1. So between residue 227 and residue 14, what do we pick up on full extension, going 0.36 nm a residue minus the alpha carbon distance?
2. Above 29 Å lies some portion of the pair distances; for the chain, what is it as a whole percent of all C-alpha pairs?
3. What percent antiparallel are the DSSP beta bridges of the chain, to the nearest 5?
4. Against the longest principal axis of the chain, how steep is helix 77-97, in degrees 0 to 90 to the nearest 10, with axes from Cα atoms?
5. For the chain, take the longest principal axis of its alpha carbons; what is the angle in degrees between that and the long axis of helix 173-187, to the nearest 10 within 0 to 90?
6. Output the 0 to 90 degree angle, nearest 10, between the alpha-carbon long axis of helix 33-54 and the longest principal axis computed from the alpha carbons of the chain.
7. Ratio of alpha-carbon Rg to the 2.2 N^0.38 Å globular estimate for segment 84-214, to two decimals, please.
8. Determine the principal axes of the Cα atoms in segment 242-344, then give the extent along each, sorted from largest to smallest and rounded to whole angstroms.
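Throughout, read-outs are computed from the coordinates displayed, never taken from laboratory work. As the structure is a prediction and not an experimental result, all values here were calculated from the model.
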């Protein structure tokens, strides 16, 4: 049975606390629909670029944006990698919204099948590897790691999934997600697509555990800024059969949670930029409406009149803007009209 070794250091505990604060703040925000659409688009572009770039894809972000937008016919392998990753993100987002995704071997195999579509033979698509593999140092080309034998891979993944699913109430979800990420890379279960599949499955795991801003989130970007350090932290050096009982996840967990903080701060910093257009910008009086509803569950025009000196016709325009941004919804008719927060 898989039993990871790690220590909850002061740094790890501080990271987990800060992530909780940042996630709570973002999850409590009310995003106007155009702002949400912009954030989602940016996150998918950045994720598709970063996660494929980590594996050596030469396309720059501007090219990735164009490929995602146009999905050109007759794509080369680099373009296929980007299109596939973007497709996987969309598929997983829809699955999370319908709440029908659970961590399982099938989910992991399905993700890998999408990620390597058109890049591997059919018998290696959505299938655990049947052959030995080695991991090279991308700078020197030398072999630095020997993953576990092919005939043990399925058992190792099953043990990992069992560990995660059976400890959701006793181990911090960020620790579980981090352990899952590193152990998947250590197992190296596929002939290709290991890193991309692992990062996507980790994002699903985080979303299922409460990080419900999956569609705004691109933690792959943090790893892509220093790929050498990412490989150093997430991987191991030597022979798995000799290392397996001594692997310590502590340093990786500190790095992993630090990367989540970096990405959450990026999203938070980005919010004013994408929301600062005439059509989407919320003024103080709009925010007063939202705060009043949060406190009292609803607001009427009479309530709003007490909060601001704006004229009745202007107040009507304020409500209309928030309706169009899908922040609130109207209930009742005529003098009985009132507004509540839009259900998300």
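1. 74.2 nm
2. Within the chain, distances greater than 29 Å cover 46 percent of Cα pairs.
3. Of all bridge pairs located within the chain, approximately 70 percent are antiparallel.
4. 50 degrees
5. 30 degrees
6. 10 degrees
7. For segment 84-214, the normalised Cα radius of gyration comes out at 1.06.
8. 75, 27, 21
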